[in-house]
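Q: Here it is: the structure, laid out below.
The values are calculated or read from the model by the stated rules, or taken from the named source; none is laboratory data. What you see is a predicted model; the values in this text were computed from it and never measured. Here Cβ is always computed from backbone atoms with ideal geometry, including for glycine, and neighbour counts include all displayed protein chains. Just so you know, the surface numbers come from the protein's heavy atoms only, side chains and all, with ligands and any DNA or RNA stripped out. Shrake-Rupley method; radii C 1.70, N 1.55, O 1.52, S 1.80 Å.
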Amino acid sequence: MSSKILFFSAPWCGPCKLVKKALTDEVRERLNIIEIDVSKSPEKSAEHQILGVPTFVKLEEEKEVFRKVGGMTIEELESL
């Protein structure tokens, strides 16, 4: 099954910065995490109805199966 986690963030967002520090390249690759800066991709943010950051959206076969607004630990991300 093809799945990915979209991580919507902003450079001014404190919780986003904390999550970014924990997301190593290995974790991003293993969990297929794609970071999207809401200020640089307003159309993508609107498409996914992002109202706050950080927001995590898990997609399986391009369908949303999970959403959380707020920070997440690596352990929480791995359990998705």
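Q: What value, in deg cm²/dmol to 500, does the helix sum -39500 (n - 2.57) over DSSP H runs of n ≥ 4 give at 222 nm once divided by the residues of the chain? Can you show the working numbers first?
A: Details: 4 runs with 27 residues, N = 80.
Result for the chain, helices only: -8500 deg cm²/dmol.
Q: Compare LEU23, LEU80, LEU51 by solvent-accessible area with a 1.4 Å probe and give them largest first, with all protein chains kept in place. Before the final figure, lay out the partial values.
A: Numbers: LEU23 10, LEU80 55, LEU51 175 Å².
The residues order as LEU51, LEU80, LEU23, largest area first.
Q: Which cross-chain or sequence-distant (5 or more) residues have an amide H under 5 Å from the amide H of ILE33, H modelled 1.01 Å from N in plane?
A: Hits under the 5 Å cutoff: ILE5.
Q: Would you list, by chain and number, the lysines whose Cα falls below 19 Å from the Cα of LYS63, excluding same-chain residues fewer than 8 positions away?
A: Leaving aside lysines fewer than 8 places away in the same chain, those within reach of LYS63 are LYS4, LYS44.
Q: Also: Find, among the GluC sites (Glu not before Pro) in the chain, those assigned to loop by DSSP (not H, G, I, E, B) with at most 11 other beta-carbon atoms within 10 angstrom. Spell out each step's value before the answer.
A: Values: sites: GLU26, GLU29, GLU35, GLU43, GLU47, GLU60, GLU61, GLU62, GLU64, GLU75, GLU76, GLU78; in loops: GLU61, GLU62.
Of the GluC sites (Glu not before Pro), the ones in loops of the chain whose Cβ has at most 11 other Cβ atoms within 10 Å are GLU61, GLU62.
Q: Separate question: Can you tell me, using C-alpha contacts under 8 Å and at least 6 residues apart, the relative contact order of the chain as a whole percent?
A: Details: 116 pairs, mean separation 32.7, N = 80.
Relative contact order here is 41 percent.
Q: Which of the aspartates and glutamates could a cross-linker span from LYS68 if the Cα-Cα distance has to be under 19 Å and same-chain partners fewer than 8 positions apart are dropped?
A: The qualifying aspartates and glutamates are GLU35, ASP37, GLU47, GLU60, GLU76, GLU78.
Q: Under 10 Å, Cα contacts only: if you run a Gaussian network model on the chain, which one of VAL57, VAL19, VAL65 comes out with the highest mean-square fluctuation?
A: Comparing VAL57, VAL19, VAL65 in the GNM, the peak value goes to VAL65.
Q: Roll a 1.4 angstrom probe over the protein heavy atoms and tell me the percent of accessible area of the chain that is carbon or sulfur. Provide the component values of the computation, followed by the final result.
A: Values: 2650 of 4930 Å².
C and S atoms contribute 54 percent here.
Q: With charges only on Cβ, +1 for K and R and -1 for D and E, what is the dipole size of the chain about its Cα centre, in debye, rounded to 20? Working shown, then result.
A: Details: 12 positive and 14 negative charges, 59 e Å.
Computed about the Cα centre, the dipole is about 280 debye.
Q: Another question, then. May I have the pair-distance distribution P(r) for the chain, computed from all Cα-Cα distances with 5 Å bins from 0 and rounded to whole percent?
A: For the chain, the binned pair fractions read 3, 15, 30, 28, 18, 6, 0 percent.
Q: Can I ask one more? Looking at the range 1-53, which trypsin sites (Lys or Arg not before Pro) are DSSP coil and have at most 12 other C-beta atoms within 10 Å of their C-beta? Don't skip to the answer; put the middle values down first.
A: On the way: sites: LYS4, LYS17, LYS20, LYS21, ARG28, ARG30, LYS40, LYS44; in loops: LYS40.
Sparse-neighbourhood loop trypsin sites (Lys or Arg not before Pro): LYS40.
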